[in-house]
1. Before we move on, is residue 180 within 22 Å of the chain's Cα centre (by Cα), part of a loop (DSSP other than H, G, I, E, B) and of a type outside the set (Ser, Thr, Tyr)?
2. Given the conditions (1) part of a loop (DSSP other than H, G, I, E, B); (2) under 28 Å from the mean Cα position of the chain (by Cα), which single one is not true for residue 170?
3. Any residue in the stretch 64-76 that's closer than 10 Å to residue 44 by Cβ: show its pairings with residues that are part of a loop (DSSP other than H, G, I, E, B) at Cβ separation under 7 Å, as long as the two are six or more apart or on different chains.
4. Here is a list: 236, 255. Which entry is open to solvent by less than 70 Å² (accessible area, probe 1.4 Å), touching a residue at least 24 places away in the same chain (Cβ under 8 Å) and farther than 30 Å from residue 136 by Cβ?
5. In the set 152, 193, which member is under 23 Å from residue 226 (Cα atoms) and among the acidic types (Asp, Glu)?
6. If we scan the stretch 40-49, do we find a residue that is open to solvent by 90 Å² or more (accessible area, probe 1.4 Å), of a type in the set (D, E, K, R) and either under 22 Å from the mean Cα position of the chain (by Cα) or on the phi > 0 side of the Ramachandran plot (or both)?
7. Can you name the residue in the stretch 164-184 that is within 30 Å of residue 201 (Cα to Cα) and free of Cβ contacts under 8 Å to residues at least 24 places away in the same chain and is also least open to solvent (accessible area, probe 1.4 Å) among such residues?
8. Before we move on, is residue 33 among the hydroxyl-bearing types (Ser, Thr, Tyr), in a loop (DSSP other than H, G, I, E, B) and under 30 Å from residue 104 (Cβ atoms)?
Amino acid sequence: MSVQTLYTAATGMSSMETKLNVIANNLANIETTGFKRDRVNFEDLFYDNQHMPGTEDRSGQRAPVGIQIGLGTNIVATQSDFSQGGFKQTGNQLDIVIEGRGFFQVMDPSGDIYYTRAGNFIRNRDGNLALASSNIGRLIEPPITIPPDATDISVSAEGIVAVRQPGSQEMTQVGTIELASFVNPEGLLKLGDNLYAQSDASGTPTLSSPGQDGVGLIRQGVLEASNVEPVTELIDLITTQRAFEMNSQVIKTADDLLQTVANLRRY
C-alpha cells in the first residue's frame, strides 16, 4: 500500500481551500462598485507512467492504452470575469458608468496611472474630479476641473464634461473623459481600492474616446454594480465543500488501509 494516495488527496484539499478563499472574496465584494468576480482554473499534476501507451508486449503487439496514475491537482490561475455588472441608478451627476469595454484612468499622488471600473467620482477641494472610492486623492486622467460656481454638470455618452455657470444658459466644456482598453484585461494586476495596474501580461493600454475603438459609452447618474451572482457562488461553495470532504475521506480511507497493513501479524 503506497502513501502516494495521501499526498494526492492532500493536493485536492489544498486546492479546494484556495478556491474557497476565492469564493469568499467574491461574496464579500458583492456590493463593491465595479468589482469583477474571479474564478479558479485547475490543472492536473505529473503522472506516474508505469506502462507507456503504445509499448510492445512480448508478442510484438502495441498496447492501446497504458497505466498512467495521476498525482493530484494544482491551481494554475485565478481568472477575472470582466463581464458587465448590473446598473444602479443614483441620479448623482458625478456617478458615471462605462457601458461596454474599457477602464477609467486615475493618477495616484505618486504619479502612477491606475485603471478602474468604478465610476463614483467627486470634486476635491480644488474642484478636480477624483475617485471617491479611494481614501487617497487619485485624480481622473486626463485631469478635469469643475468650477466652484457650477450649477449643473453634464457628461455626454462620448465623455464630454460640460458645466453651466450662473448668468449663462449655455453649457461650457471643461474636459473629456478618455477610456483605456487592454488586449488582455485578465492580465491586469489587482491592487485593491477598485484599482488595476498595467502588467507585462495585460499589454500596454490603448486610449480612446468613449464609443470609439471598441470601448463603451458613458452613462451619467449610474454606477456599475459587482458582477458577482450570489446563486452561482453558493453553488460553487457547496461543490467546493463536497470536493474537500471527498478528498478528506480519501485520506481517511488510505490511512485505514495503511493501519491494516501495519497491524498484520505473522503466525
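The values are calculated or read from the model by the stated rules, or taken from the named source; none is laboratory data. All values reported here derive from a predicted model rather than from experimental measurement. Positions of Cβ are backbone-derived with ideal geometry, glycine not excepted, and every protein chain shown enters the neighbour counts. To get the accessible areas, we keep the full protein, side chains included, count just its heavy atoms, and leave off ligands, DNA and RNA. Shrake-Rupley method; radii C 1.70, N 1.55, O 1.52, S 1.80 Å.
1. When the stated conditions are applied, residue 180 does not pass them.
2. Result: residue 170 fails condition (2) only.
3. The qualifying pairs are 70/45; 71/45; 71/46; 72/45; 73/45; 74/45.
4. 236
5. 193
6. So in the stretch 40-49, the residues open to solvent by 90 Å² or more (accessible area, probe 1.4 Å) come out as 44, 46.
Going one step further and asking which of them are of a type in the set (D, E, K, R), we end up with 44.
Of the ones still in play, those that are also either under 22 Å from the mean Cα position of the chain (by Cα) or on the phi > 0 side of the Ramachandran plot (or both) are none.
Scanning the stretch 40-49, I find no residue that is open to solvent by 90 Å² or more (accessible area, probe 1.4 Å), of a type in the set (D, E, K, R) and either under 22 Å from the mean Cα position of the chain (by Cα) or on the phi > 0 side of the Ramachandran plot (or both), so the answer is no.
7. The first filter runs over the stretch 164-184 and keeps only residues within 30 Å of residue 201 (Cα to Cα), leaving 176-184.
With free of Cβ contacts under 8 Å to residues at least 24 places away in the same chain added as a condition, the list becomes 183-184.
On the way: 183: 141, 184: 53 Å².
Out of the qualifying residues, it is 184.
8. Values: among the hydroxyl-bearing types (Ser, Thr, Tyr): yes; in a loop (DSSP other than H, G, I, E, B): yes; under 30 Å from residue 104 (Cβ atoms): yes.
Considered against the rule, which asks whether it is among the hydroxyl-bearing types (Ser, Thr, Tyr), in a loop (DSSP other than H, G, I, E, B) and under 30 Å from residue 104 (Cβ atoms), residue 33 comes out as yes.
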